[in-house]
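Okay, structure first, notes after.
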Amino acid sequence: MTPFLYHCTTCGKTYQRDEVRYLCPACARQYRPGIPLVGVLSAQFDYAAIKRRFRKQAPDWNLFSAVEEKHYPPYPLGGTPFFRVAALGKALGFDNVWLKNDGLNPSASLKDRASFLVVAEANRLNEPAIVTASTGNAASALAAVCAAAGKQAIIFVPESAPRAKLVQMLLYGARVIPVRGTYDDAFRLSLEYTARKGGLNRNTAYHPLTIEGKKTVGLEIYEQNRFRVPDVLLVPVGDGVIISGVFKAFYDLKAAGLIARLPRLVCVQADRSAAIHNYIRTGNYRDARQPATIADSISVSVPSNAHMARKAVLDSGGFSITVTDREILRAQRMLAERTGVFAEPAAAATVAALRKLRGSELLDRKEQIVLLVTGHGLKDVEAAMHSIRIPAPIDPNVPGRKKQVSS
Ligand SMILES: [Zn+2]
């Protein structure tokens, strides 16, 4: 850990670590559930101290952490594979495509990273319960980390969440409250719950350490890429926190003098859940009306971290693109067939996006392009069933079968 201050990304005020817990108190007065968060806090470290202490020969990534190591829960995570996918790249028309497969975290999604750090913070604060709203992955991650740490997870989740995710949460022992509504409804209910009954709220971006937790994926990519910055990173975007976390990783590395430039970040959204995409394109924020996409993890009407996500994309020199459900399903199958990686639909959206960008002036085919796989496909088998057909069974005892099969 390195000392840090919280900096409000809306008004610029700074706060000591224990002076605030969630949003900037000055800006939070303008916030009400149902709009993107205002006053989201960003941890600004003593970057000179990191620069002095960091060694590439023996990198200590805890220098970039906002919680002391002694509070970490016993839940090993991260260190997920980062590798070149030449066959997929060739099929997509690009020469140098890489995957970061974060579906191989213990609960099978990148969200483990955020839950880990918030649970570490709960340990530091002696909070026994942690509350969250989620489309499914954040909740199953929180339930898993809480199980390892001996804490109570309290979860508000849309009743439509994929069953595998619900099964995970319950099996890990969380208290699950399904909501007959959207993720946005669950978000509001979880805030009301914390205000009334306490506990640490892990809502994404609402708790600033969710962004800090997610940034570790960017730090890992940098290390696994032999301390080089990729040219472009494609990130599936729902409420805009993962892309903000990825940005924060490279922002911190640059602030600490370790890198000279940022990777261009490409925001990938489902066309029916595209509030951040539209915000980036037009500069005007509007909710996504009735988001309905097969990519449940990025299905959101009011993205909580819209402002920070937009800034991350623009400050990195990146851009935004949308894909349809059909394109996502086709890409999911293509990714599986060409790489052996079974990603959930949201994660496959990046492959769909790259497919659309072939021949575009926005990307050079020789650039190093990284696709961030955020969740495992086994979390939502039903979605994948749209693009395959399970063959009818054969009767093992039909005379002549052996001959037919072997011929
Ligand atoms: Zn503020």
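The values are calculated or read from the model by the stated rules, or taken from the named source; none is laboratory data. Note that this is a predicted model, so its numbers are computed, not measured. In this analysis, Cβ positions are derived from the backbone assuming ideal geometry, glycine residues included, and neighbour counts consider all displayed protein chains.
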- Message: If I filter segment 355-364 for residues that are among the small types (Gly, Ala, Ser), in a helix (DSSP H, G or I) and out of contact with any Pro (no Cβ under 6 Å at 6 or more places or on another chain), do I get at least one hit?
- Response: no
- Item | Every residue from segment 1-59 that is under 19 Å from ARG124 (Cα atoms), touching a residue at least 60 places away in the same chain (Cβ under 8 Å), assigned to a loop (DSSP other than H, G, I, E, B) and out of contact with any Gly (no Cβ under 9 Å at 6 or more places or on another chain) | MET1, THR2, ARG21
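Matching residues to (1) within 16 Å of the ligand (Cβ to nearest atom); (2) out of contact with any strand residue (DSSP E or B) (no Cβ under 9 Å at 6 or more places or on another chain); (3) under 27 Å from ASP239 (Cβ atoms):
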| site | (1), (2), (3) |
| --- | --- |
| THR2 | no, no, no |
| GLY12 | yes, yes, yes |
| ARG29 | yes, yes, yes |
| GLY39 | yes, no, yes |
| TRP61 | no, yes, yes |
| GLU68 | no, yes, no |
| ASP102 | no, no, yes |
- Query: Is one or more of the residues making up segment 47-59 within 16 Å of the ligand (Cβ to nearest atom) and touching a Phe, Trp or Tyr at 6+ places or on another chain (Cβ under 6 Å)?
  - Reply: no
- Message: Given the criterion surrounded by fewer than 21 Cβ atoms within 10 Å (Cβ to Cβ) and under 23 Å from the mean Cα position of the chain (by Cα), identify the matching residue among LEU104, LEU99, LEU117.
- Response: LEU104
- What is the residue count in segment 286-312 for residues that are part of a loop (DSSP other than H, G, I, E, B) and charged (D, E, K, R)? 3
- Message: Would you confirm whether or not segment 23-32 contains a residue that is under 28 Å from ALA153 (Cα atoms), crowded, with 19+ Cβ neighbours inside 10 Å, modelled with pLDDT under 95 and not hydrophobic (A, V, I, L, M, F, W, C)?
- Response: yes
- Regarding PRO158, is this residue surrounded by fewer than 19 Cβ atoms within 10 Å (Cβ to Cβ), within 26 Å of ARG272 (Cα to Cα) and touching a residue at least 12 places away in the same chain (Cβ under 8 Å)? no
- Query: Just one of ILE243, ILE259, ILE211, ILE276 is buried (at least 24 other Cβ atoms within 10 Å of the Cβ) and without any contact (Cβ under 8 Å) to a residue 60 or more places away in the chain; which is it?
  - Reply: ILE276
- List every residue pair whose Cβ atoms sit under 7 Å apart, with the two residues 6 or more apart in sequence or on different chains, where the first one lies in segment 359-374 and is touching a residue at least 24 places away in the same chain (Cβ under 8 Å) and the second, anywhere, is among the aromatic types (Phe, Trp, Tyr) and assigned to a loop (DSSP other than H, G, I, E, B). ARG365/PHE94; ILE369/PHE94
- Quick check: is even one residue across segment 148-165 modelled with pLDDT of 90 or more and among the hydroxyl-bearing types (Ser, Thr, Tyr)? no
- Message: Please go through (1) closer than 21 Å to ILE221 by Cα; (2) within 19 Å of the chain's Cα centre (by Cα) for VAL145 and return the number of the only condition it doesn't satisfy.
- Response: (1)
- Selection from segment 313-341 of residues that are without any contact (Cβ under 8 Å) to a residue 60 or more places away in the chain, among the small types (Gly, Ala, Ser) and assigned to a loop (DSSP other than H, G, I, E, B): GLY317, GLY340
